[in-house]
Every structure is written in structure tokens, then in C-alpha cells.
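Beneath this line is the structure, given in C-alpha cells, with notes to follow.
Throughout, read-outs are computed from the coordinates displayed, never taken from laboratory work. This structure is a prediction, so every number in the text was calculated from the model and none was measured. Here the Cβ positions follow ideal geometry from the backbone for every residue, glycine too, while neighbour counts run over all protein chains shown.
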């Protein structure tokens, strides 16, 4: 999807390291997310902003050749199917 990043997806979880100030992102669909601007290991798994993370490895461990900044399973929280499970409602509304 044009204009979106992995951090906009419902399946992405970003966390910020307090000491370095850098972000780390994880995809619950199984994609390995990395900084598109730095391909050195382990630096590529950390970034100053979560918007630079892109999928680099697919769920099967193969290199992911992307044509967009997001994968085919990209889904915004507002486009997710309605859930009536209490924890899903809390998570989608951003409350913890």
C-alpha cells in the first residue's frame, strides 16, 4: 500500500530502547523487519524512527523481494474485522 509503513500495520509491534533511543520492530505475521537504510548486522534491526522498517525476510526464511514498503498482509487497525473479544477491543482502541 502506497504511503504506509510497517509501523502502521496491525501486525507490527515497535518498541523504543530507553538507553539508545532507537526503535526495534517485530511482525507477528513472521516477517523479519529491518532498517532499509542500514544493512549492517545488528544495526539494521534498529532505527531512529519506526517508519523506516521494511520486510526483508518472509515467514519461511527466504529473502523478501519487496515492491512496496509493506507486505501483502498489511492491514490498518481501522480496516480490521470487528472483534467482540474484550482484549482485541482494548488493543485496537490503543488502551493498555
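The set of residues in the stretch 11-35 that are touching a residue at least 24 places away in the same chain (Cβ under 8 Å) and closer than 23 Å to residue 63 by Cβ comprises 11, 12, 14, 23, 25, 27, 29, 30, 31, 32, 33.
When residue 34 is tested against (1) more than 30 Å from residue 81 (Cα to Cα); (2) in contact with a helix residue (DSSP H, G or I) (Cβ under 7 Å, 6 or more places away or on another chain), exactly one condition is not met: (1). Would you mention how many residues in the stretch 55-70 are touching a strand residue (DSSP E or B) at 6+ places or on another chain (Cβ under 7 Å) and farther than 15 Å from residue 13 by Cβ? Residues meeting the conditions: 6. With the structure loaded, tell me whether residue 73 is out of contact with any strand residue (DSSP E or B) (no Cβ under 8 Å at 6 or more places or on another chain) and loosely packed, with under 13 Cβ neighbours inside 10 Å or whether it fails that test. It is false that residue 73 is out of contact with any strand residue (DSSP E or B) (no Cβ under 8 Å at 6 or more places or on another chain) and loosely packed, with under 13 Cβ neighbours inside 10 Å. What are the residues in the stretch 1-50 that are in a helix (DSSP H, G or I) and under 17 Å from residue 73 (Cα atoms), if any? The answer is 6, 7, 8. Only one entry in 67, 57 is free of Cβ contacts under 8 Å to residues at least 40 places away in the same chain, surrounded by 13 or more Cβ atoms within 10 Å (Cβ to Cβ) and more than 20 Å from residue 80 (Cβ to Cβ), namely 57.
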